[in-house]
Amino acid sequence: MNSKKLQNEKYHISAGAKMVPFAGYNMPIWYTSIADEHNCVRNNVGIFDVSHMGEFIVSGIESIKFLQKITSNNIEKLKVGNAQYSSLTNENGGIIDDLIVYCLSINKYMLVVNASNMKKDLNWLKKHNSYKAKIENISNSISLLAVQGPKASSLLNTISNADLSAIKFYNFIIDKISNIKNIIISATGYTGAGGFELYVSNKDATKLWNKIIQVGKKYNLKPIGLGARDTLRLEMGYCLHGSDINDQINPIEAGLDWICKKNVDYIGKNTIDSDRENNPSKKLIGFTLIEKRIPRSGYKIFNSNGNKIGTVTSGSISPSTGKTIGLGFIKFSEIDYKKSIFIEIRNKKIEGKLSKTPFI
């Protein structure tokens with residue numbers, strides 16, 4: 001296991017977590033069951049150790065120019081205390097990674113990237129840094145805890161210095177929680193259930209985790225694994241890099257055109273704008289099935305004439321609704337919400353319908 005993070009591994013194991021290797025780390029996939037943990041977050045509150053995520057600091061007098069060149073969203077709109085969902089795109093418009101950019105202060109930003117892409121992302125940043133900007137990888141010194149669910153604000157407010165319910169979505173403050181200083185408290189998350197992500201120094205991570213677990217008892221808080229993290233994001237229709245998006249897929253195809261601004265210049269812009277104006281050949285779309293059969297990544301999608309029209313990228317049984325849900329790429333010309341689709345699962349074609357996201 002990478003020595004960087006997941007300082008709570010002993011806790012995860014003692015709590016009965018099923019551990020799996022992921023992106024060089026030993027990660028809890030579940031403690032009780034995916035459905036139990038999923039519903040806990042949707043209806044109550046849960047805590048995730050997602051310290052495997054990567055964090056880079058970009059600073060300097062040309063940090064805005066640099067970030068505007070390599071990210072697809074409008075960096076200039078960010079003010080101190082704002083966070084922004086964006087993407088790193090290559091020359092062909094493919095998504096190298098999706099990320100969140102935090103404006104920490106004037107000319108100082110934090111980029112939060114996916115763990116499995118950390119090295120690739122850092123190399124990309126360095127390759128294109130022809131600006132007066134400094135890039136620092138602080139991933140080995142920062143841990144990340146996510147407290148998610150409708151009761152997250154009530155729980156954390158009992159031990160926080162500030163009223164966290166006042167933090168608007170995709171905004172953050174830097175403050176104390178339980179006398180632990182300099183925590184970036186961000187009203188972001190990957191669940192669609194509300195809550196906060198807490199960036200804390202490694203030396204304080206276990207103390208913060210234990211305090212939240214202790215205080216969380218009266219809120220019926222539970223530790224949550226990667227399994228429920230995946231079903232929670234899927235119900236919202238959120239993309240997972242490496243499954244739904246990759247460096248061969250551009251944001252227009254992935255339905256992420258809103259993070260690609262027309263009035264800014266960034267790497268891959270021409271291809272992305274072309275697909276925006278002329279429609280892409282395929283598009284990521286949600287679907288539901290009439291049977292409870294899990295449509296796994298790579299399964300083929302057919303139309304009513306038996307012609308292959310797409311491929312599944314993510315699929316599961318929704319713990320919130322009990323329905324079979326999924327995401328997949330469909331030929332743009334075949335997108336019709338009124339017509340049935342069919343997904344081949346173990347040599348049987350299961351009927352379904354295209355669906356808008358989120359699924360709940």
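None of the figures in this text is laboratory data; all of them are computed from the coordinates on show. Remember, predicted model here, so these are calculated numbers, not experimental data. Because the Cβ atoms are built from the backbone with ideal geometry, glycine has one as well, and the counts that use them run over all protein chains shown.
Structure values in brief
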{"read-out": "For peptides 230-239, 129-138, sequence by mean Cβ density within 10 Å, most packed first", "value": "230-239, 129-138"}
{"read-out": "Cα-centre dipole for region 223-360 with unit charges at Cβ (Lys and Arg positive, Asp and Glu negative), debye to 20", "value": "540"}
{"read-out": "Cα gyration tensor shape of the chain, rounded if a/c is under 1.5, else prolate or oblate by comparing a/b with b/c", "value": "oblate"}
{"read-out": "Residue-span extension gain [Thr158 to Arg346] - 0.36 nm each, minus C-alpha spacing", "value": "62.6 nm"}
{"read-out": "Where only alpha carbons of region 281-360 are counted, the Rg and the Dmax (Å)", "value": "11.1, 33"}
{"read-out": "Rounded to the nearest 20 debye, dipole of region 281-360 from Cβ charges on Lys, Arg, Asp, Glu", "value": "80"}
{"read-out": "Positive-end residue, the chain charge dipole about Cα centroid, Cβ charges, pick of Ile341, Gly46, Phe22", "value": "Gly46"}
{"read-out": "Qualifying GluC sites (Glu not before Pro) for region 1-98 [loop in DSSP, other Cβ within 10 Å: at most 13]", "value": "Glu91"}
{"read-out": "Gained length - Val20 relative to Ser243, 0.36 nm times residue gap less alpha-carbon distance", "value": "78.5 nm"}
{"read-out": "Cβ-placed point charges (K, R +1; D, E -1), dipole of the chain about Cα centre in debye, nearest 20", "value": "480"}
{"read-out": "Global form of region 190-251, assessed from the alpha-carbon gyration tensor, a/c cut-off 1.5", "value": "prolate"}
{"read-out": "Qualifying trypsin sites (Lys or Arg not before Pro) in region 298-357, DSSP loop, other Cβ atoms within 10 Å at most 10", "value": "Lys338, Arg346, Lys356"}
